[in-house]
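Here is the structure we will look at, set down as structure tokens.
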Amino acid sequence: MSSNRYFDWHGQPGYFRDVTRHFPREARLLDVGCGTAWLADHFANYSGIDASPAAVERATAQGRNVRQGDVDAPLPFPDATFDAVVAKDLLEHVADPVSVVLEVRRVLRPRGRVFASSPDAQRWVWDDYTHRRPFTRKAFRLLFADQGLDVERVGYESVAPGTGIISGLNPRRRRPPVFGALARLRLVRRNVWLVAQRPPDGSAAPVRQPVGASGRSVGKPSEDRQAPEQGGPDQRADDGVSEQTGQ
């Protein structure tokens, strides 16, 4: 697949508000592994970073604030710079997810939030030769919790063929409720996703360790209903399969 076709395929999805709803529009936001940086159209204080020269060239040609950089290396931003970080469809590609999450924590301001999503542990993951690993929901939660972030929500989202097209017909620009039901089925192609917060000042950064090595309990999840969008007034229930952790 050519780079242009790849970025067309990974452009703004029809369900883009399933990502943007987690942050206020005025948030200073970092998009790690940003591709062509479609999130820049929704946040005025946007910064993106991507390893691909083709992606960066295409994004900057559209006037988007993007720089080229290796996301497996330390992020080129000072500590506590951003109110929000997005790591959408990223961690399945990187060499060391633990180091990336620690860097996300470092550049977040206290009480800043991160949204992340990656493929569930299903066979379709290996159809993309750039994928290094999938994640179970438990592993994804522990990956962030063990690096000192408070995991607030974790769940599944449908990425079955046609999800983006059908969601784009929805005036809310979110996955319709039927896709939330489908995401409960293991046979349906799905991602895991979460929202986590950096604790307030005074919380020490954790010692670098393998995911899950601490054995800490993150509590038994309970079924949750969606809180209001940070970026708008939508207060209806979540359409995905989500849980609120017992942090």
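The values are calculated or read from the model by the stated rules, or taken from the named source; none is laboratory data. Quick caveat, the model's predicted, so the values are computed rather than measured. Neighbour counts run over all protein chains shown; Cβ positions are idealised from the backbone, glycine included.
Right, GLN68: farther than 20 Å from TRP193 by Cα and touching a strand residue (DSSP E or B) at 6+ places or on another chain (Cβ under 9 Å) or not? Yes; evaluated as a whole, the condition is true for this residue.
Considering only residues that are modelled with pLDDT under 95, crowded, with 18+ Cβ neighbours inside 10 Å and either in contact with a Phe, Trp or Tyr (Cβ under 6 Å, 6 or more places away or on another chain) or not in a strand (DSSP E or B) (or both), which ones fall in region 64-88? Passing the criteria: only VAL71.
For region 156-180, a tally of residues being among the hydrophobic types (A, V, I, L, M, F, W, C), in a loop (DSSP other than H, G, I, E, B) and at pLDDT 75 or above returns 2. Taken over region 25-63, the criterion of being surrounded by fewer than 15 Cβ atoms within 10 Å (Cβ to Cβ) and in a loop (DSSP other than H, G, I, E, B) is satisfied by ARG25, GLU26, ALA44, GLN62, GLY63.
Scan region 97-111 and tell me whether some residue there is part of a loop (DSSP other than H, G, I, E, B) and either modelled with pLDDT under 95 or of a type in the set (A, V, I, L, M, F, W, C) (or both). No, region 97-111 contains no residue that is part of a loop (DSSP other than H, G, I, E, B) and either modelled with pLDDT under 95 or of a type in the set (A, V, I, L, M, F, W, C) (or both).
Look at GLY63 and say whether it is without any contact (Cβ under 8 Å) to a residue 60 or more places away in the chain and over 24 Å from ARG198 (Cβ atoms). In short, yes.
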